[in-house]
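Visitor: To start, I am sharing the structure in question, which I have written as structure tokens.
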Amino acid sequence: MERWETVGERIARACAAAGRDPGGVEILAAVKTQSPEHIAELLDCGARLIGQNRAQELIAIDPALRALRPTVPFATHFIGYLQSNKVGRVVDLVSCVQSVDRLGLATRLSRAAADRSKVLEVFVQVNASGESTKAGVSPDDALELAREVAALPSLRLRGLMTIGANSLDPAEVAAGFETMRELSRAVVGSGIPGTSDANELSMGMSRDLEMALTHGATMVRLGTDIFGPRSTA
Ligand SMILES: *Cc1c(COP(=O)(O)O)cnc(C)c1O
């Protein structure tokens, strides 16, 4: 998988241009539509963090992937819209849910994690671009949701997540990422219990990775760049 290497080089270049240490950037492989065999090959290349945005698909492929690589210590994050009735199954399979955009979901996740005697990591998803098709809490409500999430007993808030604006105008994409950076600073500096180390910023996909790194992303979520174009969306 030479694409995995190319991605690493692309991130290193973008970090150099932004005066950042590439060691401060984690790569999450967005694996939607990929077969367990294909994902296992990526683990062989050194990937250790995968992201699944469909509960159905996560539940379907997780056992096969673990059977293929039983000793590889990889982590799975959930990064898509999560229906309430899938919360238990998803909490069984992931260490982190990045798509927490409402208190009701956070409360269910905390309860499910408590039932399993685990602490679940979470990100608050923010709709920084304001596009009506996008999930996420509005920037105006993000700090309040972060406060509520951080107070739940079985969740650990790691930071904020967003999907960049679907725009050909770089200024518009940049503005959304800059909003995220400011929100992140506000959360970390808020003095709210459980937020002082919630400094992660999950943003940047194949189309806007460099821009996200310029604006402080600590985790980029890449699908197309790693696996090539998906045949089905
Ligand atoms: C698919 C997906 C990605 C990766 O998208 P690419 O454009 O293929 O890099 C990132 N984040 C989320 C939430 C996704 O669903």
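The values are calculated or read from the model by the stated rules, or taken from the named source; none is laboratory data. Model, not experiment: these values are computed from the prediction. So basically every Cβ, Gly included, is an ideal-geometry build from the backbone, and we count neighbours across all protein chains shown. Note: areas computed on protein heavy atoms with side chains; ligands, DNA, RNA excluded. Shrake-Rupley method; radii C 1.70, N 1.55, O 1.52, S 1.80 Å.
Visitor: Under a plain spin-label model, where a point goes 7 Å from the Cα along Cα-to-Cβ, how far apart in nm are Arg3 and Ser231?
Guide: 1.3 nm
Visitor: Can you give the relative contact order of the chain as a percent, counting alpha carbon pairs under 8 Å and 6+ residues apart? Don't skip to the answer; put the middle values down first.
Guide: Details: 434 pairs, mean separation 44.2, N = 233.
RCO, the chain: 19 percent.
Visitor: In terms of Cα to Cα distance under 13 Å, which aspartates and glutamates are near enough to Lys134, apart from those fewer than 8 places away along the same chain?
Guide: Of all the aspartates and glutamates, those that pass the test against Lys134 - Cα under 13 Å, at least 8 places apart if same chain - are Asp101.
Visitor: Starting from the Cα-Cα distance between Ser35 and Ala17, subtract it from 0.36 nm times their residue separation and give me the gain in nm to one decimal. Walk me through the intermediate numbers first.
Guide: Working: separation 18, 0.36 × 18 = 6.48 nm, distance 3.48 nm.
Between Ser35 and Ala17, full extension yields an extra 3.0 nm.
Visitor: At 7 Å along Cα-to-Cβ for each site, give me the label-to-label distance between Asp115 and Gln56 in nm.
Guide: My value for the distance between the label points is 2.2 nm.
Visitor: Now a separate question. What are the ³J(HN,Hα) couplings of the range 123-134, residue after residue, when phi is run through the Karplus curve with 6.51, -1.76, 1.60 and θ = phi - 60°? Round to Hz, x for glycine and proline.
Guide: Values per residue, Gly and Pro as x: 10, 8, 8, 10, 8, 6, 8, x, 5, 5, 7, 9 Hz.
Visitor: Heavy-atom accessible area per residue, the chain, 1.4 Å probe: how many Å²?
Guide: Details: 10450 Å² over 233 residues.
Heavy-atom accessible area per residue stands at 45 Å².
Visitor: If you count, for each residue, the other Cβ atoms within 10 Å and average over each peptide, how do 27-37, 191-201, 154-164 line up from highest to lowest?
Guide: On the way: 27-37: 19.4, 191-201: 16.1, 154-164: 23.8.
The densest-packed peptide leads the list: 154-164, 27-37, 191-201.
Visitor: Averaging sequence separations of C-alpha pairs under 8 Å and six or more residues apart, then dividing by the length of the range 160-233, give the relative contact order as a whole percent.
Guide: Values: 96 pairs, mean separation 20.8, N = 74.
In percent, rounded to a whole number, it is 28.
Visitor: Which FRET efficiency value, to the nearest 0.05, is calculated for Glu182 and Thr107 with the Förster distance at 25 angstrom and r the Cβ-Cβ distance? Before the final figure, lay out each step's value.
Guide: Values: r = 27 Å, r/R0 = 1.08.
Taking R0 as 25 Å, the efficiency between Glu182 and Thr107 is 0.40.
Visitor: Same structure, new question: Let me see the pair-distance distribution of the chain: every alpha carbon pair, 5 Å bin width, integer percents in order.
Guide: The calculated distribution, bin by bin, is 1, 7, 15, 18, 20, 18, 13, 7, 1, 0.
Visitor: Could you work out [θ]222 nm for the chain from helices alone, using -39500 (n - 2.57) per DSSP H run of at least four and dividing by all its residues? Round to the nearest 500 deg cm²/dmol.
Guide: Details: 9 runs with 100 residues, N = 233.
Theoretical 222 nm ellipticity from helices: -13000 deg cm²/dmol.
Visitor: Return the whole-Å distance between the Cα centroid of the range 32-90 and the Cα centroid of the range 187-201.
Guide: Between the Cα centres of the range 32-90 and the range 187-201 lies a distance of 28 Å.
Visitor: Percent of accessible area on the chain owned by carbon and sulfur, 1.4 Å probe? Display every interim value, and only then the final one.
Guide: Details: 5310 of 10450 Å².
Whole-percent figure for carbon plus sulfur exposure: 51.
Visitor: If amide H atoms are built 1.01 Å from N in the plane of the peptide, which residues on other chains or at least 5 residues away come under 5 Å of the amide H of Ser99?
Guide: Amide H to amide H, under 5 Å and 5 or more residues apart or across chains, Ser99 pairs with Phe123.
Visitor: What are the lysines whose alpha-carbon lies under 19 Å from the alpha-carbon of Lys118, with same-chain residues fewer than 8 places away excluded?
Guide: Excluding near neighbours in sequence, the set is Lys86.
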